[in-house]
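Computed from the coordinates by the stated procedures, all read-outs in this text should not be read as laboratory data. The structure presented is a predicted model; accordingly, all values stated were derived computationally and were not measured. Counting neighbours? That spans all protein chains shown, and the Cβs are built from the backbone with ideal geometry, glycine included.
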Amino acid sequence: MTNESRSSKPGTVDMKLEVAVIPVSDVDRAKRFYEKLGWRLDADFVRPDGSRAVQFTPPGSPTSIHLGTGPTLPHFLVVNDIEAARAELISNGVDVSEVFHRGPQGRVPGPDPDRPSYGSLATFNDQDGNVWLLQQVTQRLPGRVSADQATFTSPADLAAALRRAAAAHGEHEKRTGGHDANWPDWYAEYIVREQTGQKLPD
């Protein structure tokens, strides 16, 4: 065992391998191929910077693929708190970009002002030049998850969902004018809907 491996410490922030980007020469041709395989088409849209995002998920897989063109293709790591994830990477000696979001002209410094899921990003490279993209996701978009499944892979993941539900429930109580005795049911409904990309409760 090397000194480097002995000194490593386990991460405390969940970083889920969400997407592996595979290079293709023709996105539409590749899209037809994966559709024939019966893989779920999660997304096909143009980003604000003009790049195209096409994502498929193999049956039963927790990780998806993006069909990509260009010289540098990052792999996606989903986090529920991008600032905490960035700070942890930096504490481990990793050179991480500042948080940014995408605009019509490309990267815009700082998190997306509206704080949407999928909006705030950061990148880092390993020593071999492989690029990783951190992407903050707190609510899945419809079509990118199974509508009947809500899963958590760690206590930290569940705790983060509970904190978001608590904050949303506080706003709910302000609107309804009092203490909600059925808050456990409201929390459960909020968390499941958030996980499965459904409309959140009021």
> Charges only on Cβ, +1 for Lys and Arg, -1 for Asp and Glu: so what's the dipole of the chain about the Cα centre, in debye to the nearest 20?
Replying inline: 400
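What is the extension gain from SER97 to SER51, computed as 0.36 nm multiplied by their sequence separation minus the C-alpha to C-alpha distance, in nm to one decimal? Don't skip to the end; give the middle numbers.
On the way: separation 46, 0.36 × 46 = 16.56 nm, distance 2.03 nm.
That pair, SER97 and SER51, stretches by 14.5 nm at full extension.
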> Sequence-distant or interchain residues sharing an amide H contact under 5 Å with GLY103, placed H: which?
Replying inline: VAL108
> Per-residue HN-Hα couplings for region 101-116, Karplus 6.51 cos²θ - 1.76 cosθ + 1.60 at θ = phi - 60°, whole Hz, x for Gly and Pro?
Replying inline: 9, 8, x, x, 9, x, 5, 10, x, x, x, 4, x, 8, 6, x
> Gaussian network model of the chain, Cα springs within a sub-10 Å range: biggest mean-square fluctuation belongs to which of ARG40, ARG32, ARG52?
Replying inline: ARG32
>> I want to verify a result. In a Gaussian network model of the chain, Cα cutoff 10 Å, which of these has the top mean-square fluctuation: ASP180, ASP42, ASP157?
In response: ASP180
> So which residue, out of PHE33, PHE124, PHE100, gets the largest mean-square fluctuation from a GNM of the chain using Cα contacts under 10 Å as springs?
Replying inline: PHE33
> Whose amide H sits under 5 Å from the amide H of ALA43, counting only residues 5 or more places off or on another chain, with H placed in the peptide plane?
Replying inline: GLN55
>> I need to check one value: relative contact order of the chain, counting alpha carbon pairs closer than 8 Å and at least 6 residues apart, in percent.
In response: 18
